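The values are calculated or read from the model by the stated rules, or taken from the named source; none is laboratory data. The structure displayed is predicted, hence computed values, not measured ones. Here the Cβ is made from the backbone with ideal geometry for all residues, glycine too, and neighbour counts use every protein chain on show. With ligands, DNA and RNA removed, areas are computed over all heavy atoms of the protein, side chains included. Shrake-Rupley method; radii C 1.70, N 1.55, O 1.52, S 1.80 Å.
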Amino acid sequence: MSISVEQAYAQCRAIAKREAKNFYYSFVALPPHKSNAMCAVYAFMRKADDLADDESLSIPERRQRMAVWLEDWRRARAGAPTDDAVFVALKDAQRRFQIPDDLLEKLVQGTTLDIQETKPGVRILEIDGRPYEVYESISALYDYCYLVASVVGLVCIRIFGYHGTEAVKLAEETGLAFQVTNILRDVKEDSERGRVYLPLDELQAAGLTPADVLQGDPVLLRPVMLSLAAKAKAMYLASDRLTPMLDRDSRAAMWVLAKIYRMLLERIERMDFDVFSERVSVPTATKLRVLGQGMAMTLWNRVAAR
């Protein structure tokens, strides 16, 4: 029995509501057809992430499962029958909002970077008998952030609707800001997985090494984390310029998302970059308050558009 588009979107929304800790709050501020599309894109990314991060499987096994899943998606996209709710919803969203195949392929490429055999700009260093992946430079880190976050922004603005060619560059910069914020929040968790995203050139400029990251000393790492935070704050200005370029019914969603991520970065700074004692997050009550402000903005934009 085939699944309807409506059922497919409902399943994707359930996935987004359960898993998208920050993104889902912005989805709610969108009109239903755009919110559905965002949930479909998120569910697609979530599945790719889950396949790439399944530590119960070896990396070669993960690559094989990813290849099979991606080929299934390509066949569904080309018109082959499918009962996969994510594929059904994403195919509809792609058609509605003219999302290029290339961008969706890059979404998957970004989620699979951590299981690829070769990673440009990444050096494998052995620390205490264990191999760690270390990004060699801030430039290499930005290349990584482009694939895992900026590409998401490029998909989003196609769903949001935008005018002006500059919006593309601003969406890329906004994605970089979000991902650098994630990197600062997740230093502890990433190092436990054998990954050091604090770039080697930034560490060396502060007289540090990747081994220092593993100590989990926020005082020691503060100069590097402060430098990355400053870069992220500068890039968040792109979201301020991007928002007026979006369709009126999508501006609140962009504002909500950027506001929550900015608040996350501010909380990291207020904790003096101690992301090791506890995981830093924006409280749900605060997110709901931001969402309320965003919904008020949505109503105002609707009135202004009449």
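Structure above, values below:
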| read-out | value |
| --- | --- |
| Relative contact order of the chain, pairs being alpha-carbon contacts under 8 Å that are 6 or more residues apart, as % | 20 percent |
| Rounded tilt (10° steps) of 101-111 against the dominant C-alpha axis of the chain | 40 degrees |
| Filtered trypsin sites (Lys or Arg not before Pro), region 172-241: DSSP coil and at most 15 other beta carbons within 10 Å | 193 |
| Value of Rg/Rh across region 1-154 [Cα atoms, Kirkwood radius] | 1.01 |
| Helix axis angle, 32-53 relative to the chain longest principal axis, alpha carbon, degrees | 40 degrees |
| Cysteines in the chain that, by Cβ-Cβ distance, have no pairing candidate under 4.7 Å | 145, 156 |
| Those lysines that a straight Cα-Cα span of less than 18 Å connects to residue 34, excepting residues fewer than 8 apart in one chain | 17, 91 |
| Helix 166-185 axis, angle to the chain major axis (alpha carbon atoms, nearest 10°) | 50 degrees |
| Alpha-carbon centroids, region 161-228 and region 6-24: separation in whole Å | 28 Å |
| Candidates 59, 260, 127: whichever shows maximal mean-square fluctuation once the chain is modelled as a Gaussian network with Cα springs under 10 Å | 127 |
| Residue (of 243, 255, 273) at the positive-pole extreme of region 228-276, dipole from beta-carbon charges | 243 |
| Assigned charges on the beta-carbon of Lys, Arg, Asp, Glu; region 154-220 dipole about Cα centre (debye) | 280 debye |
| Distance in nm between pseudo-label sites at residue 220 and residue 143 (7 Å out along the Cβ direction from Cα) | 2.9 nm |
| Burial order of peptide ranges 167-178, 27-38, 115-126 (average beta-carbon count within 10 Å, highest first) | 167-178, 27-38, 115-126 |
| GNM flexibility winner over the chain from 164, 216, 194 (Cα, springs under 10 Å) | 164 |
| Members of 106/233; 106/287; 233/259 lying beyond 21 Å, as alpha-carbon distances in this model show | 106/233; 106/287 |
| Two-decimal Rg/Rh across region 176-306, once Rg and the Kirkwood Rh are taken from alpha-carbon atoms | 1.08 |
| About the Cα centre, charge dipole magnitude for the chain (Lys/Arg +1, Asp/Glu -1 at Cβ), debye | 1540 debye |
| Of all accessible heavy-atom area on the chain, the percent that carbon and sulfur account for (1.4 Å) | 51 percent |
| Rg over Rh [alpha-carbon atoms, Kirkwood Rh] for region 1-63 | 1.08 |
| Contour excess over end-to-end distance, with Cα ends at residue 116 and residue 163 and 0.36 nm allotted per residue | 13.3 nm |
| Correct choice for volume of the Cα convex hull per residue in Å³ that was computed from the model, options [x] 138; [y] 150; [z] 128 | [x] |
| Rh (Kirkwood; distinct C-alpha pairs) - region 84-139, Å | 14.2 Å |
| Mean ellipticity per residue at 222 nm, deg cm²/dmol - from DSSP H runs of n ≥ 4 across the chain, formula -39500 (n - 2.57) | -22500 deg cm²/dmol |
| Positive-end extreme of charge dipole, the chain - chosen from 178, 15, 200 (charges on Cβ) | 15 |
